[in-house]
Every structure is written in structure tokens, then in C-alpha cells.
Amino acid sequence: MRGLIAIPVVVAVVIACASTSPEIPFCGPLAEQPPLAVPDECSEAEQLDAEKQLSDLLVSAQSPLLLRVAFGQDATVRSVCVERGSRYDWSARRGAAEQLENARGISGPSCLANKRIDLNRRGAKLATIKEAELRCGQQVGTATRTGGGSSKVVAWQLRRCMAFESDWLILPLPGSTQALVFGKPETLDPPTVRASDTMSRCNRKALAFEDRLECVRSEGWEQLR
């Protein structure tokens, strides 16, 4: 009987501990989110300062989470949610949740009243790209084992798979191992242009890096940070 009595006690303790753990909710549809702060309303310096304060609190190194931060009428942080499309990472989500109360105490500039900012777009997109690379690598590897193919064919199939999957652009920086990452605006009506079409046009139009960069931006792609 003692064993039977002890089990509910242990379960109750576990449930009690779990119920007190902080949690960041998933975001609802974008239509239900406050509009993004735009440069016409906030200076870049003001917005970057607010983003840095919140990122230092909520975004851990290598985090794959895309966080949306909503501000209230007084430009104080009202809520934080994690985008459902983000790769699930329990540790990163819990770490952010533990800082929620501190984040809610942050006040931004008045231009952020009833607006939102999105954090870690670049990190979240890089995590998505990594997953796509793994998925495409597995698909191409399976096809190669069953049907054969030269290394050139395999490389072409991998590029084709990635182009089909992608809603991002990567623009390598000249003379560097780093690259700029671009995504579509987090708005209700993002541009419908395909990443592969943009890169094809921009590579044909321009050889200089600065010209290709301007071409990518002109087609509605945003540099992620």
C-alpha cells in the first residue's frame, strides 16, 4: 500500500513543478498581430536599440526561435510569442520564457506604441535553411542510392531541391566567409516572387556585389538581422 500511496504524491509533485514553469505562447495568425514598426515611424537607431535590449534578454546563442514582441499604447512590452514556423528548441524557448518578466518592464520609444518588432529573424531563417539542407540531402541521397548518378547530377539535384524549398536568399560577401541573408517581409501581403527567380535575374543584370544587392532589395526582399 505504501508504494501505491507514494506514486500519486510523486506525480503530483511533478505536475506542480511543470505547471509553474514559464512558457512563451505560440503566435496567432499574422493578421491578429500588431503591425510592424516601420522606418517612417521609428528611426533605425531607435528601433535597433529596442531590438538589442530585447534580444540580449530573450535570444540565446544559436537560437532558432523567431520571437514577435508586441508593444502597448504606452510603448511598453505587452506580450511576446514564438512563431509556429520556428524550429522547436525547448532550451531556447525556456530560456526566453524565464526572462519574460524582465522583458515586460522594457519601454521603447513612443513610435513603437501599438506596434511590434520581430527578433532573431536571421537566426530562425538559418535554422530553417539548415533543416532544408538536411532534408534535401536525405532525399537526394536516397535517389542516388536507388538510381545512381554522377557527382554533378547529385549537386544539381541538391540545388534544385533547395531552390524549391527556399523562401530566402543568401548573398555571399566578397572576400569573406560570411553572407547576407534575405527573407520576405513579415507582412500580410509579402511579395510573391520566387527566390530562385530573383537570384537568376539579379545575377544576369549585375556582376558587382553592390548592384546585385540593390537588385535583390528592389524585388522586395529584406536583409535579416
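Some notes on this structure:
- Looking only at the range 156-177, and only at residues there that are touching a Lys or Arg at 6+ places or on another chain (Cβ under 9 Å) and not in a loop (DSSP other than H, G, I, E, B), the one that is nearest to Val216 (Cα to Cα): Leu171
- Residue count, the range 123-138 (criterion: charged (D, E, K, R) and buried (at least 17 other Cβ atoms within 10 Å of the Cβ)): 1
- For the range 31-57, filtered to residues that are under 13 Å from Ser110 (Cα atoms) and in contact with a strand residue (DSSP E or B) (Cβ under 8 Å, 6 or more places away or on another chain), the residue that is modelled with the highest pLDDT is Ala50.
- If you filter the range 172-183 down to residues that are crowded, with 18+ Cβ neighbours inside 10 Å and among the hydrophobic types (A, V, I, L, M, F, W, C), you find that the one that is farthest from Leu36 (Cα to Cα) is Val181.
- Annotation note: of Glu186, Glu214, Glu219, the sole residue that is buried (at least 16 other Cβ atoms within 10 Å of the Cβ), without any contact (Cβ under 8 Å) to a residue 40 or more places away in the chain and of a type outside the set (Gly, Ala, Ser) is Glu219.
- Residue in the range 70-89 that is hydrophobic (A, V, I, L, M, F, W, C), in the same structural domain as Ala37 (by TED's automatic domain parsing) and within 30 Å of Leu171 (Cα to Cα) present: yes
- Selection within the range 73-95 - closer than 20 Å to Ala37 by Cβ and surrounded by 17 or more Cβ atoms within 10 Å (Cβ to Cβ): Ala75, Val77, Ser79, Val80, Cys81, Val82, Glu83
- Residue list for the range 178-195, filter: closer than 21 Å to Arg116 by Cβ and part of a loop (DSSP other than H, G, I, E, B): Lys184, Pro185, Glu186, Thr187, Leu188, Asp189, Pro190, Pro191
- Hey, Leu207 among the aliphatic types (A, V, I, L, M), crowded, with 17+ Cβ neighbours inside 10 Å and not assigned by TED's automatic domain parsing to the domain that holds Glu51 or not: no
The values are calculated or read from the model by the stated rules, or taken from the named source; none is laboratory data. If you're wondering where the values come from, they're calculated on a predicted model, not measured in any experiment. Cβ: placed from backbone, ideal geometry, glycine included. Neighbour counts: every protein chain shown.
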